[in-house]
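See structure below.
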Amino acid sequence: MHSDRAIPERLIWATRGRSWGFRFLLKAGLSDPLLVYERSFADLVDEPATCHRAAGKVALRFPDPLGRRDASGRVIPHEFVVFGDLADEIQSVEDGLQQVWPLVAEAYDRVWDTERPPSAADLRLTVENHPSPDAPESASGDGRE
């Protein structure tokens with residue numbers, strides 16, 4: 001069960017796009033997420049796909065699920081630090097692909113090939129866009145109202 005907290009407050013997300021370099025797209029409400037990010041990934045620097053739990057957080061890394069690459073041909077990695085009840089659900093990279101990636105996939109699809117890095121507003125990630133599994137379904141049965 002997910003909390004009602006907005007997605008951006010539950011995730012640090014670092015990645016790059018086709019033309020823009022590696023950066024934080026989500027900061028979990030932190031003004032500077034770098035220290036938390038570095039501590040979370042400290043022992044995982046060379047692993048292309050990993051899931052590591054420590055201190056109530058999960059460090060999660062996997063290559064872009066659609067195989068997208070940057071302009072130089074490098075595989076695009078997605079790195080997350082997951083907090084709260086969502087972190088409790090992540091035990092493996094596969095769990096991350098099933099639980100975390102769907103929260104950001106649509107937003108990333110919109111921004112990955114833009115010339116400039118996206119702002120948080122460009123991502124348009126809120127709890128309203130991603131209802132919890134317990135949310136009532138709409139008349140169309142798709143979970144939206």
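The values are calculated or read from the model by the stated rules, or taken from the named source; none is laboratory data. Small disclaimer: the values here were computed from a predicted structure and weren't measured. Cβ sites come from the backbone with ideal geometry, for glycine too, and all protein chains shown count toward neighbours.
Here are a few things to note about the model shown:
- The single condition among (1) out of contact with any helix residue (DSSP H, G or I) (no Cβ under 8 Å at 6 or more places or on another chain); (2) modelled with pLDDT of 90 or more; (3) within 26 Å of Cys51 (Cα to Cα); (4) assigned to a loop (DSSP other than H, G, I, E, B) that Arg116 does not meet is (3).
- Counting the residues of segment 39-90 that are more than 17 Å from Lys27 (Cα to Cα) and of a type in the set (S, T, N, Q) gives 2.
- Criterion: in contact with a strand residue (DSSP E or B) (Cβ under 9 Å, 6 or more places away or on another chain), of a type outside the set (D, E, K, R) and buried (at least 18 other Cβ atoms within 10 Å of the Cβ) - qualifying residue of Leu11, Leu34, Leu44, Leu30: Leu11
- Residue list for segment 16-31, restricted to those being in contact (Cβ under 8 Å) with a residue 40 or more places away in the chain and among the polar types (S, T, N, Q): Ser19
- Only residues that are of a type outside the set (Gly, Ala, Ser) and either part of a strand (DSSP E or B) or under 10 Å from Val81 (Cα atoms) (or both) were counted across segment 40-66, and they come to 11.
- Residue within segment 55-75 that is among the hydroxyl-bearing types (Ser, Thr, Tyr), under 14 Å from the mean Cα position of the chain (by Cα) and at pLDDT 95 or above present: no
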